[in-house]
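This report refers to the structure that appears directly beneath it.
The values are calculated or read from the model by the stated rules, or taken from the named source; none is laboratory data. Owing to the predicted nature of the structure, the values given are computational and were not obtained by experimental measurement. All Cβ positions, even for glycine, are placed from backbone atoms using ideal geometry, and neighbour counts span all protein chains on display. Protein only, heavy atoms only, side chains kept; ligands, DNA and RNA dropped before computing areas. Shrake-Rupley method; radii C 1.70, N 1.55, O 1.52, S 1.80 Å.
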Amino acid sequence: MAVDQDFIERFQKETDLLKNLQKRISEAIDRAEDRIAKMKEGKLSKEEIFGAPPKK
């Protein structure tokens, strides 16, 4: 079965999307690890990261 140009372009777009997601996830992990380190040092509280807890 021959691979046509449309298939190649769609596959490339999907691959580009996955690369973008991978980058964004890595950045989110880096931010989370930074926040964890700051919480351990006492520089950030849970409320500063997640906001005030909902009232019951």
| request: May I ask you to list the lysines whose Cα is less than 29 Å away from that of residue 23, ignoring any residue fewer than eight positions away on the same chain? | output: 13, 38, 40, 43, 46
| said: Could you report the chain's accessible area per residue, 1.4 Å probe, as an integer in Å²? | reply: 101
| What dipole magnitude, in Debye to the nearest 20, does the chain give about its Cα centre under +1 on Lys/Arg Cβ and -1 on Asp/Glu Cβ? | 580
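If Rh is defined by the Kirkwood formula over all Cα pairs and Rg also comes from Cα, what ratio Rg/Rh do you get for the chain? Walk me through the intermediate numbers first.
On the way: Rg = 20.4 Å, Rh = 14.8 Å.
Rg divided by Rh gives 1.38.
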| task | Could you tell me which of 28, 51, 2 has its Cα farthest along the dipole of the chain towards the positive end, charges placed at Cβ (Lys, Arg +1; Asp, Glu -1), taken about the Cα centre? | result | 51
| request: Pull out the extension gain between residue 39 and residue 55, defined as 0.36 nm times the separation in residues minus the alpha carbon to alpha carbon distance; nm, one decimal. | output: 3.4 nm
| request: Please give, to one decimal in nm, the separation of the simple spin-label points placed at residue 7 and residue 28, each 7 Å out from Cα toward the Cβ. | output: 3.3
| remark: Expressed as a percent, the accessible surface of the chain that is carbon or sulfur, using a 1.4 Å probe and the full set of protein chains, is 57
| Local electrostatic count at residue 19 - Lys and Arg +1, Asp and Glu -1, tallied over other residues with Cβ under 14 Å | 0
